[in-house]
Amino acid sequence: MGLQELCRLMSRFNSYKRTNIILQHLKMSNHTDAAAEVLLERKGCAGVITLNRPRFLNTLTLGMIRQIYPQLKKWEQDPETFLIIIKGAGEKAFCAGGDIRALSEARNTNQKMLQDLFREEYILNNAIDSCQKPYIALIHGITMGGGVGVSVHGQFRVATEKSVFAMPETAIGLFPDVGGGYFLPRLQGKLGYFLALTGFRLKGRDVYTAGIATHFVDFEKLGMLEEDLLALKSPSKENIADVLEAYHAKSKIDQDKPFILEEHMDKINSWFSANTVEQIVDNLQQDGSSFALEQLKVINKMSPTSLKITLRQLLEGSSKTLPEVLTMEYRLSQACMKGHDFHEGVRAGQGLIKLLFNEE
């Protein structure tokens, strides 16, 4: 073999080596990016979950769920982990729900993903409810859909003046799942029925007043609250509750502001006591007040099928356990995925969902 040919072979080898190194880096980069969708860290006495997709309002993916669930179970069994904190990266959202566009796209390409995502998400929701360690969700910013599922079933939920809660699924041909059939009918009066059917937004302290959050803390104090929780030494549930209560007591933002729906609650309880959507619509029409007609206008934009499913879901769920509700909701979710309304709703309903969050 001549020197020239040897040099040519060496050049090819080096080029191949460089290409391999680049490919390895790309693989590592992709793996890192995927892993970075959720951060799972032990800090002080706590396990900390950070939903880390701020550009996408921390929406949940199947990959994130598959990382969170096993870690939650490990921390639950770990004698050195005394509490679990979940929060969202960035200042806009805790978690704006599941990745509905990916769900819709999977309709024709990956039916198994549709089954897996709902099933594994609901298993996670149930694990949060039954978690033996205090579970604290810092629900700052937009919290809806799947974000509600990974927060509302925990023992403690901390809202701030920037919190925005909504379950707008009837706008996209779905229903308020992730255990919505359990917690919504258990809110005061018929508030949960109203929130489920209209997608009405609750903001700031109203999220606490409605019973979605257990505590309210000024946003600027949220970091300090987390630090104080992490600094606790072998804390009991009572120690943790005392810290949360101390911060809650110090918050004065909107302290004297009445609940946004307070003046309408008697009517809401009356309108939404009906057992059919048709009767609720009739109640709103007969009332004729500006607030009633406003809600009627919203309901008329929703998927008629979703409205009927949702009302039945809440009526049934009001007397079921959470595991029973989640089983029911899994069956409903698969039926909705096979139907037309959800996929049409994802395509056409994006504007309506944006309308629900157009102030700010």
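The values are calculated or read from the model by the stated rules, or taken from the named source; none is laboratory data. Quick caveat, the model's predicted, so the values are computed rather than measured. For neighbour counting, all protein chains shown are included, and Cβ atoms are generated from backbone atoms with ideal geometry for every residue, glycine included. Please note that ligands, DNA and RNA were not included when accessible areas were found on the heavy atoms of the full protein model with its side chains. Shrake-Rupley method; radii C 1.70, N 1.55, O 1.52, S 1.80 Å.
Before moving on, here are some points about what is shown:
- Only listed residue being open to solvent by 90 Å² or more (accessible area, probe 1.4 Å), modelled with pLDDT of 50 or more and not in a loop (DSSP other than H, G, I, E, B), chosen from 42, 18: 42
- Members of the stretch 289-334 found to be outside any helix (DSSP H, G or I), within 19 Å of residue 174 (Cα to Cα) and free of Cβ contacts under 8 Å to residues at least 60 places away in the same chain, listed by number: 300
- Selection count, the stretch 265-284, where residues are under 27 Å from the mean Cα position of the chain (by Cα) and not in a loop (DSSP other than H, G, I, E, B): 4
- Residues of the stretch 45-99 satisfying the condition of being over 19 Å from residue 130 (Cβ atoms) and out of contact with any helix residue (DSSP H, G or I) (no Cβ under 9 Å at 6 or more places or on another chain): 50, 54, 55, 56, 64, 80
- All conditions but one from (1) more than 23 Å from the chain's Cα centre (by Cα); (2) surrounded by fewer than 17 Cβ atoms within 10 Å (Cβ to Cβ) apply to residue 211; the one that does not is (1).
- Out of 155, 132, 71, sole residue that is in contact with a Cys (Cβ under 8 Å, 6 or more places away or on another chain), at pLDDT 95 or above, among the polar types (S, T, N, Q) and open to solvent by 10 Å² or more (accessible area, probe 1.4 Å): 155
- Condition check for residue 212: out of contact with any Lys or Arg (no Cβ under 6 Å at 6 or more places or on another chain) and under 23 Å from residue 311 (Cβ atoms): yes
- Candidate set from the stretch 221-234 (those that are part of a helix (DSSP H, G or I) and touching a residue at least 40 places away in the same chain (Cβ under 8 Å)); member that is surrounded by the most Cβ atoms within 10 Å (Cβ to Cβ): 229
- Candidate set from the stretch 175-188 (those that are of a type in the set (A, V, I, L, M) and open to solvent by less than 10 Å² (accessible area, probe 1.4 Å)); member that is farthest from residue 98 (Cα to Cα): 184
- Number of residues in the stretch 303-322 that are among the β-branched types (Val, Ile, Thr), under 22 Å from the mean Cα position of the chain (by Cα) and open to solvent by 10 Å² or more (accessible area, probe 1.4 Å) equals 2.
- Candidates 106, 93, filtered to the one that is of a type in the set (Gly, Ala, Ser), open to solvent by less than 30 Å² (accessible area, probe 1.4 Å), closer than 30 Å to residue 168 by Cα and at pLDDT below 80: 106
- All positions within the stretch 111-133 that are charged (D, E, K, R) and part of a loop (DSSP other than H, G, I, E, B): 133
- Only one of the numbered conditions (1) buried (at least 19 other Cβ atoms within 10 Å of the Cβ); (2) farther than 27 Å from residue 127 by Cβ; (3) among the basic types (Lys, Arg) is violated by residue 252, and that is (1).
- Residue match in the stretch 57-64 (condition: among the small types (Gly, Ala, Ser), surrounded by 11 or more Cβ atoms within 10 Å (Cβ to Cβ) and at pLDDT 90 or above): yes
- Residue in the stretch 164-171 that is farther than 19 Å from residue 191 by Cα and touching a residue at least 12 places away in the same chain (Cβ under 8 Å) present: no
- With respect to the conditions (1) touching a residue at least 60 places away in the same chain (Cβ under 8 Å); (2) part of a strand (DSSP E or B); (3) of a type outside the set (Lys, Arg); (4) under 30 Å from residue 331 (Cβ atoms), residue 137 lacks only one, and its number is (1).
- Flag if residue 237 is among the basic types (Lys, Arg), in contact (Cβ under 8 Å) with a residue 12 or more places away in the chain, surrounded by fewer than 14 Cβ atoms within 10 Å (Cβ to Cβ) and closer than 30 Å to residue 132 by Cα: yes
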